[in-house]
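The structure under discussion appears below in the form of C-alpha cells.
The values are calculated or read from the model by the stated rules, or taken from the named source; none is laboratory data. Since the structure is predicted, the reported quantities are computational estimates derived from the model, not experimental observations. Backbone-built Cβ (ideal geometry, glycine too); neighbour counts: all protein chains shown. Side chains included, ligands, DNA and RNA excluded: accessible areas come from the protein's heavy atoms. Shrake-Rupley method; radii C 1.70, N 1.55, O 1.52, S 1.80 Å.
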Amino acid sequence: MALTGRVVGLALLGVVPVLLWPGPVAFFATLLVILAVVAVDAALAGSPRALRFDRSGPASVRLGEPAEVRLTVTNSGSRRVRGVLRDGWQPSAGAVRPRQPVDVPPGESRRLTGTLRPTRRGDRLVERVTVRSVGPLGIAARQVSPRAPGRIRVLPPFTSRRHLPGKLALLREIDGRTSLRIRGQGTEFDSLRDYVIGDDVRSIDWRATARRQQVVVRTWRPERDRRVLLLLDTSRTSAARIGDAPRLDAAMDAALLLAALAARAGDRVDMLCMDRRVRARVEGASRTELLPALVEAMAPLEADLVEADWMTVAATIRQRLSQRALVVLLTTLESAAVEEGLLPVVNRLTSHHRVIVASVSDPALATMAAARGGSYEVYGAAAAERAALDRAATTAELTRLGVDVVDASPADLPPRLADRYLALKAAGLL
Amino acid sequence: MNPGTTVSPATVSPGTTAGPGEGSPADGRGSRWRRLRWPAFVVTGMVLAAVVSAALLPETNRGSLDPRSAEPDGSRAVAQVLRGRGVKVDVVQRSTDAVDGATRRTTIVVVSPSLLGPVQLQRLSRSSADLVLVEPDLVVLRELAPAVTPLGSTDASRVEDPACADPDATAAGPVTGGGQLYARAAGAPPGTTFTGCYPGRRFGTAGKSSDRYSMVRVADDGRRVTVLGQRQLLQNEFVEVDGNAALALRTLGAHPELRWYLPDPTELGETAEVTVGDLLPPWVRWATFQLGVVALLAMLWRGRRLGGVVAEPLPVVVRSAETAEGRARLYRTGRARGHAASILRTASTRRLAARLGVPSEASPSDVAHLAAEAAGADPGRVAQLLLGAPPRDDAALVTLSTALDDLERAVAEPGGATPRYGDAAKDPEHRPDPEGGR
C-alpha cells in the first residue's frame, strides 16, 4: 500500500466542505470519503503479485564499461499493472536509472532495459524488484518487493593492456634474433640449416655436416613451453589501498599483463591466489582460454584480513610444479611480513625455481619523503625514508637469496614486471 | 560472505575511501574530545560557580513589605508581633492560595496589588475575607473597592492625626500619613459605608481639612476593605514611629487568621482563560484539522520508500601509507630529532653512494669525501652535514634536511645547475637504487 501526490490534492479539496459547514460532521465525513476513495483505488489497482520477472543480459562486464541488463516483466493477472518499478541492484553495480515506469496489460510482457556502470570489481548482486502498481485514479497504489535475484560479475579492468603491443614487439625482437647472437646456456635447439657466410663457426654441427656433405649449422630459438606460475598474495597486506584501489587490484593488473605476454611467448601460465589457503586457481588453460579464465577467477577475489602462510604457499608450489619454472610472487615488501613469512621459506623456492617478487609500492611515500617546509613535513619525510630504507633492506636480503625483486608503483609495476620477464627470457634464464 | 568485508546500508557510495573502516572509532572519539575539551570545561565551570553561589549566598534580597524580611523596608516586625498575639500569619504568593478557605474571619493583606491581573482581582473580590490593600491603583480599586478612587499623592513623612471616627484610627492616634491619597468615588454603589482617615494636606494649607485621605475604610455587606495609602506603616524602619505599630496591628490583627499575599508575577502568565481559539471563528479550527489531515497524508506519501534498503558489502579500507604516517606522528610527538636526522642522513648517504658509484660496503666518511669532491664543496662541511651531531631543535632539523637536498642536487648536477632532485624524488623509479644497482 502506498499513496501518491494526488491524495494530498484530494485532501486539500476537502478543506472546502469543512469551510462551508464547520463542525465535526463535515470533517469526519470528508475524512471518510478520502479514506474510501483511497481504499477503492488501491483495490482496483492491478495486482503486482501477479507479475513474473525474468532477467537476461551479459554475465560479466569489465570494470569501467557499461552493461545493458534486461528485465522481462510478465503479467499473469487479470488486470493491467501500471506504475513504477525499481530494480534493487547494489549501489556499486551503478544502475544508471534504477526506477522505470512500467505498464503491462494482462497476459502480456514488457522488457525493461537498464544500464549498469559498476564501480567495483567482484560479483554485484540484485535481490529484489519493487513494483508499485497505481490504481485507476492515480491516488493509491499497491506495492510489493518480490525476489528476482540476478548477478553480474565485474572483471578486473586490465588497464595495463595498453602496454601489451609494445612488449609483444620486444618479444618478437627476441624471437627473431639469430642463433649467433643469443646462443648460450638454456636456449633451445630449433633446427639445422646450411651454413651461410657470417654464421658463428661455433654453431656448426659437425656430426650433421659429416652426414650431409655440406656445412650445417644449428639454429636456436628462445625457450618455449616454460612454466610460469603467478602467485597472488591475497592476505592483509594486499588489502591496503594505494590511492583508491587496493594493492590486490594493482597486482592483478600486473599478473594479467605478464600472463598475456607469457602466453604469447609460448609459455604455460598458471595462477594461484593464496593467503592461508588457495582462494582461486587457474591451471592448464590453453593459450586462448587463459586470459578469460584468469579474469574470471580474479573477479570475485577480495583481500582477506589474515596473515599469509608462506609455509603453505611454498608447499603448494612445490607440489604443483615438478619441473623448473618461473615463480612470480605478487605481494608487498612490508619488512615485518616478509621477514617472518617469506624469507624463511624462500630458499625452498629458489633452489628449484627462478623467483621474482613483484611488489606494489605506494607513490604517496615518495611524495612524503620529498616534502619539506617545516618540522612537521620533515618528520614525515624521515618516517617515509625509514619505510624506504626498510624496503631497501628487505630487497637486499631477498636479492642475496637469489630472488629478483621488482618494486614499483601501481601504474609502473605491470610494464616493469613484463620487462623483467623479457630480460630473463632473452638471457635464457627461465 | 567474505570475512574481509563489512555490510553497511547502501547510502555510502562504494569503491571510494568512504567506508566504515576509515579511522578507528577510538580515534574519532579522541579528536572530538580534543575539540570539545575547552568549551566543556568552560560550561562546567560556569554551572559549578552558579550552583555554589546559589548555595552559599543567603536570601537577603526579599522584596519590600515581605513579612520574612528583616530589612528596613521589610515587615518582619509587624508579622512577628501579630504571631505573638496569636494571629496565624501565612505568606501566600498565588491568588488561589490566598482565597482558598478564606472566611469572614480572615484578613488578606495585598502588599503590591498593582501586580494582580484581572483574574486574580476577580478571585479576591469573590472572596468573603476582609481585605487590606497597600497603595492600590485605580484598576484594583474598581474591582475591589469601587467606592474609592485614588487622588494624587503627598509627602511621605508627615505625621497626621486621624480626624475620623474609625475606632482603629482613633485608638492609634497620630501616625505617618501621606503617601497615596484616596477619595470617595463619584459613582459609589449604594449600601457602602465610606470612612476616610488621616486627611492629606497640601503645603501651606495646614489645619485645613481636605477630602483626600491616606487611609480609607469601606464596609459593604459585612465585608471590610481597608485601603492604606502609606506603606511605611508596615515597614520595620518606621513601625516605632508614633501610632504606626498600633494602627498596623489593629488593622491586620482584626481576625485570628491573616494571609499575607505577595503577588507572584508568574501567575499572571497562566491565567489567560480566554484562549486564542475563543477569539477565532469556528471554521478555523476545523480547517486546521483538515490541513493536519493533508499534512499527514503528505507524510505518508513521501515517507513510503520504493523498496527496502539494499546492503552493500564494503571492502575494508586500510591506507597503505598508514604505517609511515603513524611513525611520523610518533616522531613528531616524541620530538625525535636525532632519530629523524639520522634517517635522513642515512637515506641521503645511500643515494649519494649510488649516484657516485661507491660500493655499498664503503664507509659513510668515504662517501662524504667523494660527495664533497663531486659537488665541489668543502669536505669538512659535507662530513659535518652527513655525519655531524644531531640537530638541537626543529629549526636545525629543517635546515639539515634542506642542506642534504642541496648537497644531493649539487652532486647530481655539478656546477650548480637547475635543482631537479625534488622532482626526481617524487618518482621512485628515478630514485637511485639504494643497493647500487644489480
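Less than 5 angstrom separates the built amide H of residue A:355 from those of A:327, A:404, all sequence-distant by 5 or more or on a different chain. In terms of packing, defined here as the mean over residues of other Cβ atoms within 10 angstrom, the peptides B:389-399, B:322-332 line up highest first as B:322-332, B:389-399. In this calculation the C-beta distance from residue A:80 to residue A:296 is compared with R0 = 35 Å, giving a FRET efficiency of 0.25. Full extension of the chain between residue B:299 and residue B:285 yields a length gain of 2.9 nm, computed as 0.36 nm times the residue separation minus the alpha carbon distance.
Seen from all sides and averaged, what is the projected area of the convex hull of the Cα atoms in the protein assembly as shown, in nm²? The partial results should precede the final answer.
Details: hull surface 277.6 nm².
The number I arrive at for the protein assembly as shown is 69.4 nm².
Counting only DSSP beta bridges with both residues in the protein assembly as shown, the antiparallel share comes to about 60 percent.
Remark: the protein assembly as shown carries a charge dipole of roughly 3600 debye about the Cα centre, counting +1 on each Lys and Arg Cβ and -1 on each Asp and Glu Cβ.
To the nearest 0.05, how large is the calculated FRET efficiency for residue A:345 and residue A:244 if R₀ is 41 Å and r is the Cβ-Cβ distance? So the FRET efficiency works out to roughly 0.80. Counts of other chain beta carbons within 10 angstrom of each beta carbon in peptide A:19-31 average 3. Rounded to the nearest 100, the interface formed by chains A and B buries 6200 square angstrom of accessible surface, both chains summed, with a 1.4 Å probe.
Evaluating 6.51 cos²θ - 1.76 cosθ + 1.60 at θ = phi - 60° for every residue in the stretch A:341-355, the Karplus couplings come out as x, 7, 4, x, 9, 5, 4, 4, 7, 5, 5, 10, 9, 8, 10 Hz, glycine and proline recorded as x. Ratio of Rg to Rh for chain A: 1.22 [Cα atoms; Kirkwood radius as inverse mean 1/r over pairs].
Under the simplified labelling scheme, the residue A:288-residue A:144 pair shows an inter-label distance of 4.7 nm, with each label point 7 Å from Cα along Cα→Cβ.
The calculated FRET efficiency for residue B:333 paired with residue B:46, based on their beta-carbon distance and R0 = 25 Å, is about 0.20.
On average, how much accessible surface per residue is there in the stretch B:76-267, in Å², for a 1.4 Å probe, leaving out ligands, DNA and RNA?
For the stretch B:76-267, the per-residue accessible area is 43 Å².
Just A:162, A:264, A:227 to compare: in a GNM of chain A, with alpha carbon springs under 10 Å, which one fluctuates most? In the Gaussian network model the winner is A:162.
Residue by residue along A:237-244, Cβ atoms of other protein chains within 10 Å of the local Cβ number 5 on average.
For the residues of B:291-300, the average number of beta carbons from a partner chain within 10 Å of their own beta carbon is 6.
If the segment from residue A:200 to residue A:396 were pulled out straight at 0.36 nm per residue, it would be longer than the present Cα-Cα gap by 66.7 nm. Segment residue A:305..residue A:320, full-extension length gain: 2.8 nm, with 0.36 nm per residue of separation and the alpha-carbon distance subtracted.
So how strong a dipole does the stretch B:76-267 carry about its Cα centre when Lys and Arg Cβ are +1 and Asp and Glu Cβ are -1, to the nearest 20 debye?
On the way: 22 positive and 21 negative charges, 46 e Å.
In total the dipole reaches around 220 debye.
Going by average Cβ neighbours within 10 Å, how do the peptides B:74-83, A:126-135 rank, with the highest at the top? Write out the running numbers ahead of the final one.
Numbers: B:74-83: 20.3, A:126-135: 22.9.
Packing proxy ranking, top to bottom: A:126-135, B:74-83.
Accessible-area loss of 10 Å² or more (1.4 Å probe, protein heavy atoms, chain alone versus all protein chains) is found in the stretch A:302-321 for A:302, A:303, A:304, A:305. Of the peptides A:321-329, A:252-260, the ranking by mean beta-carbon count within 10 Å, highest at the top, reads A:252-260, A:321-329. Distance between the pseudo-spin-label points of residue A:192 and residue A:56 (7 Å out from Cα toward the beta carbon): 6.2 nm. Please name whichever of A:90, A:64, A:76 sits farthest to the positive end of the charge dipole of the stretch A:1-155, dipole taken about the Cα centre and charges placed at Cβ: Lys and Arg +1, Asp and Glu -1. The listed residue farthest towards the positive side: A:64. Of A:402, A:23, A:14, which is the most mobile in a GNM of chain A whose springs link Cα atoms less than 10 angstrom apart? In this elastic network of chain A, the residue with the biggest mean-square fluctuation among A:402, A:23, A:14 is A:23.
Mind telling me which of A:278, A:25, A:61 comes out most flexible in a GNM of chain A, alpha-carbon contacts under 10 Å? So, out of A:278, A:25, A:61, the one fluctuating most is A:25. Taking 7 Å steps out from each Cα toward its Cβ at residue A:214 and residue A:16 produces label points 10.9 nm apart.
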